[in-house]
Amino acid sequence: MNASIPTAALQAAHAERAANDIAAHLHPFTNLAAHPQVDPLVIERGDGIYVEDDQGRRYLEAMSGLWCVSLGFSNARLAKAGSDALHTLPCYHTFNHRSNAAAIALAEKLLSMAPVPMSKVFFANSGSEANDTAVKLVWYYHNAIGKPGKKKIIARRNAYHGVTVAAASLSGLVPNHRDFDLPIDRVLHVDCPHHYRYAEPGETEEAFATRLADALEQRILAEGPDTVGAFIAEPVMGAGGVLVPPATYFEKVQAVLRKYEVLLIADEVICGFCRTGEMFGSTTFGLRPDILTAAKALSSGYVPISAVMVSEQVHAAVAANSGKIGTFGHGFTYSGHPVSAAVAVKTLEIYKRDKVFETAAKNTPQFQKRLMALGDHPLVGEARGMGLVGAIELAGDKRAKKPFDPKKGVGAAVVRNAEAEGLIVRVIAGDIISVCPPLIIKPAEIDELFDKLSRALDKTLDWAKREQLLAA
Ligand SMILES: Cc1ncc(COP(=O)(O)O)c(C=O)c1O
């Protein structure tokens with residue numbers, strides 16, 4: 001249990017901070033109407049894979065914040081890289097042929113790591129900006145090559161690509177669209193490749209993948225191949241539920257894309273930098289993207305930065321077009337920001353020097369074994385994952401794969417019970433509990449994570465039984 005009892009002074013300071021938060025702060029992805037009644041969790045510091053709140057309670061952060069803090073919360077070398085950069089060149093832009101050493105080094109490094117040959121790297125500040133940039137590049141590219149009709153982007157239901165206008169449109173999650181008047185036109189959604197939820201009874205993963213690829217082809221034909229510009233996919237879908245694609249899915253989908261000259265955008269914002277066991281999820285699943293977006297673990301989440309890698313085919317057309325217009329009319333004030341770029345360069349250096357990916361790979365079988373074992377829990381319909389990311393999907397009727405009534409808040413109860421155990425996990429896309437710990441997690445910490453999560457599930461089960469939420 002997270003048993004430390006805060007002192008009266010800490011409690012009073014927290015109460016004041018909480019009141020100020022409620023009075024002044026508009027929270028992202030939060031029920032704003034409920035916020036005044038919910039005591040906010042105020043995180044004050046971090047240490048390795050743990051964080052501590054403003055009342056001195058310690059939590060194992062099993063989500064790396066929001067899937068990003070790969071090197072844990074107290075890496076002094078990253079802090080020093082940021083501090084050194086702030087003291088040398090705290091800000092400069094990269095418009096109009098300007099550059100800085102850190103941005104150049106980072107672009108070179110990323111090209112050397114790319115899963116397929118890439119030509120250039122564009123920098124932004126978030127995954128959303130990177131994906132918006134990818135959409136604009138697809139549109140610009142098709143104008144440049146004289147195919148101005150090829151503008152529709154195909155995404156998948158349950159995808160998450162961010163919240164800016166184009167990225168939110170690409171996302172296939174209802175709350176990201178509802179009452180924002182999204183998606184914009186030119187964005188289409190096709191089937192979600194989640195075998196547990198959407199396969200026909202008895203359908204193999206391969207047959208399911210074939211059916212989805214056939215449906216994609218039919219959709220492209222129905223829309224008109226001359227109107228479809230790109231397909232965007234997370235290798236493993238993150239916020240939609242940590243959905244690992246069925247066997248042969250990407251192979252079959254890519255064959256369709258190639259047939260109709262549809263570009264592939266790989267959204268590696270979560271998967272990039274070894275989350276799925278390889279440097280990029282594209283390598284894990286054999287994707288050959290024309291455009292690749294990355295963020296989060298690019299800087300271990302320490303500073304905002306994202307990257308968009310483009311193939312030479314895309315770059316050559318875009319560059320020629322910008323020559324005609326006189327500029328490539330896109331970029332952010334902080335594209336290639338020298339502080340963010342310096343921290344990202346250091347992050348990539350640490351991954352290599354400390355053999356972070358090798359250690360993560362060594363610890364993956366234990367992580368996956370403990371994760372999969374949760375599949376036997378009476379509350380869990382499916383346990384799934386890959387590398388050091390995973391999820392458990394709760395089910396009110398395990399045999400019939402029937403979810404709980406979302407209004408009962410069973411997933412939220414697991415999160416609350418985990419918090420009481422000193423564990424931070426997240427509920428996503430219905431009653432799905434996700435885990436995505438820092439890549440530096442040690443074997444004993446993996447056991448601690450799953451011991452705590454098991455106790456939280458048991459406690460939730462007792463409550464669900466009392467409330468008669470489970471199928472008889
Ligand atoms: C796969 C994926 N793409 C894009 C984004 C958006 O990134 P950001 O929140 O940095 O805009 C996220 C965020 O979680 C993500 O998981």
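The values are calculated or read from the model by the stated rules, or taken from the named source; none is laboratory data. Predicted model, so just to flag it, every value in this text is computed and none were measured. Methodologically, a virtual Cβ is constructed for each residue, glycine included, from the backbone with ideal geometry; neighbour enumeration extends over all protein chains shown. For the accessible areas, the whole protein counts, side chains as well, though only heavy atoms, and no ligand, DNA or RNA atoms are used. Shrake-Rupley method; radii C 1.70, N 1.55, O 1.52, S 1.80 Å.
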The stretch 300-319: number of residues that are in contact (Cβ under 8 Å) with a residue 60 or more places away in the chain and either open to solvent by less than 10 Å² (accessible area, probe 1.4 Å) or hydrophobic (A, V, I, L, M, F, W, C) (or both) | 12
Assess whether Glu278 counts as being of a type in the set (D, E, K, R) and closer than 19 Å to Gly127 by Cα.
-> no
Mind checking whether some residue in the stretch 227-235 is in a loop (DSSP other than H, G, I, E, B) and either touching a residue at least 24 places away in the same chain (Cβ under 8 Å) or of a type in the set (Asp, Glu) (or both)?
-> yes
Please go through the stretch 455-469 and pick out each residue that is in contact with a helix residue (DSSP H, G or I) (Cβ under 7 Å, 6 or more places away or on another chain) and assigned to a helix (DSSP H, G or I).
-> Arg455, Ala456, Leu457, Lys459, Thr460, Trp463, Ala464
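Would you point out the residue of the stretch 273-332, among those that are in a loop (DSSP other than H, G, I, E, B) and among the aliphatic types (A, V, I, L, M), that is farthest from Ser112 (Cα to Cα)?
Val303
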Right, Gly277: of a type in the set (Gly, Ala, Ser) and within 16 Å of the ligand (Cβ to nearest atom) or not?
-> no
Only one of (1) within 25 Å of Val308 (Cβ to Cβ); (2) in a loop (DSSP other than H, G, I, E, B); (3) open to solvent by 20 Å² or more (accessible area, probe 1.4 Å) fails for Glu203. Which number is that?
-> (1)
Given (1) open to solvent by less than 10 Å² (accessible area, probe 1.4 Å); (2) part of a loop (DSSP other than H, G, I, E, B), Pro378 misses just (1)
Report those helices (runs of 4 or more DSSP H) wholly inside the stretch 119-187 carrying at least 1 residues which are away from the ligand (no atom under 16 Å from the Cβ) and open to solvent by less than 10 Å² (accessible area, probe 1.4 Å).
-> 127-144
Only one residue in Arg45, Arg77 is open to solvent by 90 Å² or more (accessible area, probe 1.4 Å) and assigned to a strand (DSSP E or B). Which one?
-> Arg45
Filter result for Val262 (touching a Leu at 6+ places or on another chain (Cβ under 7 Å) and either away from the ligand (no atom under 16 Å from the Cβ) or closer than 17 Å to Ser119 by Cα (or both)) = no
What are the residues in the stretch 387-416 that are assigned to a helix (DSSP H, G or I), touching a Leu at 6+ places or on another chain (Cβ under 8 Å) and touching a residue at least 40 places away in the same chain (Cβ under 8 Å), if any?
-> Lys408, Val410, Val414
